[in-house]
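For reference, the structure discussed in these notes is given below.
The values are calculated or read from the model by the stated rules, or taken from the named source; none is laboratory data. Treat the numbers as computed from the prediction; the structure is a model and nothing was measured. Counting neighbours? That spans all protein chains shown, and the Cβs are built from the backbone with ideal geometry, glycine included. Please note that ligands, DNA and RNA were not included when accessible areas were found on the heavy atoms of the full protein model with its side chains. Shrake-Rupley method; radii C 1.70, N 1.55, O 1.52, S 1.80 Å.
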Amino acid sequence: MINKQTPDHHDANLVLQLYDLRREEVMRRSRDAIARWFPRTWEEFIAITDPSHPNNAAWRQVSSYWEMTYSFAKHGIVNPDFLAENSAEGLFLFAKVCPHLERFRREVSPLAFQNVEWLLGASAVARQRFELIQTRVRKMSEAARR
């Protein structure tokens, strides 16, 4: 894919629209549910993907939202660094998914989380933020276990 090299006012407008979507009431509740979710095991991780899980709708809404958002950068619609600077919340979700990603792709969804992986490969800003976020998620996960 071709990266959009320089952000412009269109990038700013798109990022602001994405922010507004995150403020919608159902999306806000979904984001809150996923923010408090810290799977420790494969079983805890995969449980949320079951349609009967109470947070399954939140999982589907939040994970598909961020994959859609990162696809905008992948397809040259928005500058990847600009997007990563202004909407890193999806990287928090990916940090929770990473320990289970290989198995999840093998057993459930071979194409899962490809856009966030693309972003991490294309954007130094995203990689830097992701490293910081991974450390933060580890600490938050440990605190949630207590």
Listed residues PRO110, TRP42, LEU16: farthest to the positive end of the dipole of the chain (Cβ charges): TRP42
Net charge near ARG105 (other residues with Cβ under 14 Å of its Cβ; Lys, Arg +1; Asp, Glu -1) is -2
Rg and Dmax in Å for the chain, alpha carbons only: what are they? 15.2, 45
Highest-first arrangement of 78-87, 45-54, 110-119, where packing means the average Cβ count within 10 Å: 78-87, 110-119, 45-54
Any idea what the dipole of the chain comes to, in debye rounded to 20, about its Cα centre with Lys/Arg Cβ at +1 and Asp/Glu Cβ at -1? 480 debye
Length gained if THR6 through SER52 is fully extended, taking 0.36 nm per residue and subtracting the Cα-Cα distance, is 12.2 nm
Å² of accessible area per residue within the chain, as computed with a 1.4 Å probe and no ligands counted: 57 Å²
Need the full-extension length gain, SER64 to PHE38, defined as separation in residues times 0.36 nm minus the C-alpha distance. One decimal, nm. 7.5 nm
Quick one: 3J(HN,Hα) in Hz for the stretch 87-94, Karplus 6.51/-1.76/1.60 with θ = phi - 60°, rounded, Gly and Pro as x. 7, 8, 4, x, 5, 5, 4, 5
Sulfur and carbon atoms: percent of accessible area, the chain [1.4 Å]: 52 percent
Compactness summary of the stretch 65-110: radius of gyration and Dmax from Cα atoms, Å, are 12.2, 34
Can you run phi through the Karplus equation (6.51, -1.76, 1.60; θ = phi - 60°) for the stretch 132-146 and list ³J(HN,Hα) in whole Hz, with x for Gly and Pro? 5, 5, 4, 4, 5, 5, 4, 5, 5, 5, 4, 5, 5, 6, 6
